[in-house]
Each structure stands twice: as C-alpha cells, then as structure tokens.
Amino acid sequence: MTLPAERRAPVGGVVPADNSGVRDRLVQRIRDRTARIGIVGLGYVGLPTAVAYAEAGFTVVGVDTDANRCAAVTRGDSYIEDVIAADLRRAREKDRLTAVTSLATAGDLDVIDICVHTPLGETREPDISAIRAAAEALVPGQRPGQLVVLTSTSYPGTTEEVLRPILERSGLVIGRDVFVAFAPERIDPGNTRFTLRTTPKIVGGVDPTSTEIACLALATIVDTVVPVSDATTAEMVKVLENTFRMVNIGFANEVAMICRRLGVDVWEVIESAATKPYGFMPFYPGPGVGGHCIPVDPSYLQWKMRNLEYRTRFIDLGDDVNRGMPDYVVQRATDVLNDAGKSLRGSRILLIGVAYKPNIGDVRESPALHVAAKLRSKGAEVRYVDPHVDSLVLHHGGRLSRADLSPTELGASDLVVITTQHDDIDWGMVRQHAALVLDTRGVRGGRGRAGWHTL
Ligand SMILES: NC(=O)c1ccc[n+]([C@@H]2O[C@H](COP(=O)([O-])OP(=O)(O)OC[C@H]3O[C@@H](n4cnc5c(N)ncnc54)[C@H](O)[C@@H]3O)[C@@H](O)[C@H]2O)c1
C-alpha cells in the first residue's frame with residue numbers, strides 16, 4: 001500500500017540547509033496550480049502527460065522540435081491514439097495547453113518534464129542525444145525554484161551522470177536552487193484498464209527535496225506515487241520492468257519451440273499453467289518483440305553493464321531468442337507451404353496484423369517488418385492487412401502492399417501469416433476462407449482446425 005505523495009517522507013540523501021524559501025515557493029505554486037509546466041517532447045508519452053497536467057488545472061507549454069506535431073496540438077488534433085481528441089481540444093479551449101518548437105520561446109517554466117525519445121544507435125548502443133539536447137536547451141532559462149523531471153527511459157546513472165552535469169553548468173546548486181528527479185513512464189498504448197492516472201508512478205530524486213517536490217507535482221496527474229531512494233534506483237526499476245518482460249517472452253518463445261518438438265499446443269500449455277493461482281505468470285510466444293520499449297530498454301542496461309565489465313547473461317539469451325523469432329517464423333512458413341506441396345518462392349503470402357501489439361497502429365520495431373522482409377527476400381509475394389496501419393515501409397526500404405480483408409484476398413493467398421491479433425479483424429472470415437494459416441499469436445477458435453498451423 002503506498003501513501004499519497006504529500007504524506008510520505010522522502011528517503012536517503014542530505015537536504016541542503018538553506019533551500020526552504022525556494023522550495024516553499026515552488027511547492028506553493030504546484031499546490032495552487034500556478035506553476036507553469038513545460039513538457040519537452042510531445043510523443044506517445046509527452047502528449048498524454050501534457051494533457052493530464054492541463055486537465056489538473058496547470059498552464060502547460062509543450063515543446064517539440066517537430067513543427068507538425070506542434071501545429072497539430074495547436075489545432076487540437078490528436079496524433080497519438082491514446083490521447084482522446086476531446087481532452088486535447090478541451091485543454092486548448094481553456095487555453096491551458098500551447099505548443100512551441102523551442103524551449104527558447106516557451107517562457108518561464110516552474111516544472112520541466114523531459115519526454116524525448118531514447119532509441120538505439122546503429123550498433124545497438126543507447127542514443128540519448130535527445131535527452132542531452134533537451135537538457136542543454138534548458139540551461140539558458142534556468143533559475144532558482146525549478147523542478148526538472150526526466151521521464152524518458154534510459155540506463156541507470158543517466159540522471160546523475162548526464163543530466164546533472166549539464167544542469168550544473170548554470171551555476172545553480174541542484175537540491176538547493178533546482179530540483180531534479182527521474183520518474184519513468186509506464187504508459188501501455190492501447191490499454192484502457194490502466195491509464196496514466198491509475199498506473200502508479202515511480203519517483204526518484206537526486207536528493208530528498210527533489211524527490212519530495214517531484215512526488216508533489218506528479219501526484220496532481222497520477223493517483224499513486226511511489227518514491228524510491230534516488231534517481232538511479234528509479235532508472236533501474238524502469239529497466240527491470242521491461243527487461244523482465246523481454247526475458248520472459250524469450251522464455252515463452254523457447255517453450256513454443258519445445259512444445260513443437262513434443263507435439264503439444266504451446267498456448268494450451270501456458271493457459272493451463274496459468275490456472276495455478278500463485279507462482280506462475282503467463283507470457284506468450286510470438287514472432288518476436290516490438291515497440292519502443294521491450295526490444296530497446298534491456299539493451300540500455302546491457303550496454304551500461306558492459307561498461308562495468310559485467311555480462312548480462314539472461315538479457316543476452318532472451319534477446320538472442322527473441323531476435324531469432326522472425327527467422328523461425330519464416331522457417332515455419334517454408335515448412336507449412338512445403339507440406340502443402342508449395343515453395344516459399346513465388347507464393348502469395350498475406351500478413352495479418354503488422355503493428356507490434358494488438359489494437360494500436362505503432363509499427364516501431366515490429367517483428368512483422370522483419371518477417372515481411374525475410375519472406376520477400378526469399379521470393380514470396382507479400383501483402384498485409386492491418387486496420388490500424390495505412391502504409392508500411394520496410395527497414396531496408398520498399399513499401400509493402402496493403403490489402404483489405406476479404407474472402408477473395410484470403411482465397412487468393414497461398415498462406416496467411418498472423419503476426420498481430422487485433423480485436424477488430426474478422427477472425428471468423430479468416431477461419432472460413434484461408435486455406436493455409438501460420439498463426440504466431442494463438443488466435444482462439446483457430447488452433448486445431450485443418451490447415452491452421454502454429455509456431
Ligand atoms: N511509447 C511508449 O509506450 C513508452 C512507454 C513508456 C516509456 N516510454 C519512454 O518515453 C520516452 C518517449 O517515448 P515516446 O514513445 O513518447 O517517443 P516519441 O518518439 O513518440 O516522442 C518523442 C518526441 O520528442 C521530440 N523531440 C526529440 N528531441 C527533442 C528535443 N530536443 N526537444 C523537443 N522535442 C524533441 C520528437 O520530435 C518527438 O515528437 C522514451 O524514452 C521511451 O522509451 C515510452
């Protein structure tokens with residue numbers, strides 16, 4: 001059970017003696033909602049966060065280097081599926097949310113939340129250049145009484161080793177003049193049960209006052225804040241959560257291969273094991289892992305630990321298995337076609353669902369892209385059906401033809417490969433009209449039918 005932010009004492013560290021005036025004024029501005037909030041990066045995380053602060057009664061300035069995104073916010077048009085256009089429009093109408101392309105024109109800010117992207121570089125090393133750029137842009141406008149929150153996921157140590165030194169260039173003292181914390185986002189796109197407000201928020205400041213003030217600010221937009229000892233602990237919590245998921249999905253993928261050799265249905269095995277009310281948590285196999293977080297965040301931890309001369313064996317193994325899944329899917333597709341007297345080369349293949357997870361349109365790192373590219377490279381003619389994805393460009397270029405789901409399209413395909421299980425696909429039509437299916441997601445009602453094959 002966690003207590004509301006204001007009732008919990010921050011943990012660890014030493015409070016500088018003479019910060020009470022600066023602290024008190026900022027606390028008061030947060031309490032009476034006169035604090036001006038700046039959200040740097042208006043993407044999947046930043047836009048909902050900006051709208052949430054506006055709904056909580058603050059004046060919010062969104063800052064994004066992408067002028068198109070700023071223009072959309074100004075028009076009240078939502079480009080992020082989870083942000084309801086009406087909420088965004090309400091924030092605009094009340095004049096609580098504006099968007100600008102540079103911090104230099106954002107005006108004076110009390111709370112700054114950095115929500116920029118943190119991808120992997122070409123050699124899979126962390127690319128935190130957007131965090132650095134955002135922090136550097138903050139320096140000219142820094143003044144006593146500001147809170148800077150880093151929300152972007154990064155490796156443990158980023159707040160202390162990267163953000164703090166940049167902010168210290170202003171000559172202000174962190175923990176006395178300026179407060180700094182790491183508070184990772186747990187948004188799960190498409191999840192309507194757990195929202196930004198109802199998902200507890202981890203908060204770790206670089207000192208106790210920073211933790212306290214960050215908890216206070218975040219408690220205005222989330223129901224539960226969970227303070228932890230420091231920023232590095234909060235960073236480790238975030239990468240643990242996503243690494244836990246990645247490693248367990250890797251294990252589920254290996255279990256799928258084990259079950260194939262044993263001739264048993266992997267989904268029946270996992271679903272049956274999940275009836276155990278304790279000590280088992282189900283994870284399911286698939287064509288690999290996708291999205292901005294699960295394939296990326298563990299690599300941040302891997303990189304950090306490599307620098308500390310520690311080999312992350314579980315992460316390495318999970319990553320290895322997951323990254324091998326598109327090849328495994330292509331091998332299964334080849335075998336399924338072969339058993340039907342056909343070759344992969346020259347076959348017409350329909351991929352169903354190319355987003356990285358159900359019911360959203362995000363294709364970042366989607367394993368379906370790898371599956372499509374590999375099928376194509378072996379001479380298959382590939383199209384896709386996905387009601388959430390209007391067009392699709394593969395990693396090494398080349399557009400994939402989009403098709404509408406229809407009995408004719410299904411009937412004309414030599415093989416249907418299910419890569420994502422969206423709810424709004426007419427699975428009954430797929431069952432009825434597809435002669436040969438390779439289902440990598442365990443669609444209910446399909447498994448066990450003639451011509452329906454699984455991983
Ligand atoms: N997408 C998710 O579901 C999710 C969930 C939890 C955590 N995260 C983490 O949150 C962070 C943000 O992810 P996202 O999915 O919102 O990214 P995103 O790519 O959707 O949005 C990032 C935005 O930042 C802008 N930007 C880049 N550099 C900038 C700068 N210097 N100044 C101002 N704006 C800048 C980009 O134009 C873009 O609009 C990442 O670290 C990610 O790992 C994402």
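Given the structure, is Val389 under 20 Å from the mean Cα position of the chain (by Cα), in the same structural domain as Arg260 (by TED's automatic domain parsing), farther than 16 Å from His453 by Cα and touching a residue at least 60 places away in the same chain (Cβ under 8 Å)? Before you say what the answer is, go through the steps one by one.
Numbers: under 20 Å from the mean Cα position of the chain (by Cα): yes; in the same structural domain as Arg260 (by TED's automatic domain parsing): yes; farther than 16 Å from His453 by Cα: yes; touching a residue at least 60 places away in the same chain (Cβ under 8 Å): no.
Answer is no for this residue.
When the criteria are applied in full, Ala134 fails the requirement of being under 21 Å from the mean Cα position of the chain (by Cα), within 11 Å of the ligand (Cβ to nearest atom) and surrounded by fewer than 19 Cβ atoms within 10 Å (Cβ to Cβ). Using the structure shown, decide if Ser78 is open to solvent by 20 Å² or more (accessible area, probe 1.4 Å) and either more than 9 Å from the ligand (Cβ to nearest atom) or not assigned by TED's automatic domain parsing to the domain that holds Cys215 (or both). For Ser78, the condition - open to solvent by 20 Å² or more (accessible area, probe 1.4 Å) and either more than 9 Å from the ligand (Cβ to nearest atom) or not assigned by TED's automatic domain parsing to the domain that holds Cys215 (or both) - is met. Remark: pairs (first residue in the range 333-352, at pLDDT 95 or above; second residue hydroxyl-bearing (Ser, Thr, Tyr) and in a helix (DSSP H, G or I); Cβ separation under 7 Å; 6+ apart in sequence or on different chains) = Leu344/Thr334. Taking the range 53-74 as the range and being within 8 Å of the ligand (Cβ to nearest atom) and not polar (S, T, N, Q) as the test, the residues that pass are Val63, Asp64, Asp66, Arg69. For the range 31-52, the set of residues classified as surrounded by fewer than 23 Cβ atoms within 10 Å (Cβ to Cβ), assigned to a loop (DSSP other than H, G, I, E, B) and more than 9 Å from the ligand (Cβ to nearest atom) consists of Asp32, Arg33, Thr34, listed by residue number. For the range 89-102, residues that are open to solvent by less than 30 Å² (accessible area, probe 1.4 Å) and either within 15 Å of the ligand (Cβ to nearest atom) or outside any helix (DSSP H, G or I) (or both) total 2.
Of everything in the range 269-288, what is open to solvent by 30 Å² or more (accessible area, probe 1.4 Å) and touching a residue at least 60 places away in the same chain (Cβ under 8 Å)? Give them in sequence order.
Tyr284
Listed by first and then second residue, the pairs with beta-carbon distance under 9 Å, at least 6 apart or on different chains, first residue in the range 421-442 and outside the structural domain of Val336 (by TED's automatic domain parsing) and in a helix (DSSP H, G or I), second modelled with pLDDT under 95 and open to solvent by less than 10 Å² (accessible area, probe 1.4 Å), form an empty list.
With respect to Pro200, is the statement that it is outside the structural domain of Trp303 (by TED's automatic domain parsing), open to solvent by less than 20 Å² (accessible area, probe 1.4 Å) and touching a Ser or Thr at 6+ places or on another chain (Cβ under 6 Å) true?
Criteria not met by Pro200.
Within the range 3-18, one or more residues are within 26 Å of the chain's Cα centre (by Cα), modelled with pLDDT under 95, under 17 Å from Ala217 (Cα atoms) and assigned to a helix (DSSP H, G or I). Is there a residue in the range 170-180 that is open to solvent by 10 Å² or more (accessible area, probe 1.4 Å) and either touching a Lys or Arg at 6+ places or on another chain (Cβ under 7 Å) or part of a helix (DSSP H, G or I) (or both)? The answer is yes, given that some residue of the range 170-180 is open to solvent by 10 Å² or more (accessible area, probe 1.4 Å) and either touching a Lys or Arg at 6+ places or on another chain (Cβ under 7 Å) or part of a helix (DSSP H, G or I) (or both). Out of all the residues in the range 142-152, is one or more within 13 Å of the ligand (Cβ to nearest atom), closer than 17 Å to Ala234 by Cα, in contact with a helix residue (DSSP H, G or I) (Cβ under 8 Å, 6 or more places away or on another chain) and of a type in the set (Ser, Thr, Tyr)? Yes - at least one qualifying residue is present in the range 142-152. Summed over the range 257-287, residues that are under 19 Å from Arg245 (Cα atoms), part of a loop (DSSP other than H, G, I, E, B) and over 27 Å from the mean Cα position of the chain (by Cα) total 1.
The values are calculated or read from the model by the stated rules, or taken from the named source; none is laboratory data. All values derive from a computational prediction rather than experimental measurement. In this analysis, Cβ positions are derived from the backbone assuming ideal geometry, glycine residues included, and neighbour counts consider all displayed protein chains. Quick note on the areas: whole protein, heavy atoms, side chains included, nothing else; ligands and nucleic acids left out. Shrake-Rupley method; radii C 1.70, N 1.55, O 1.52, S 1.80 Å.
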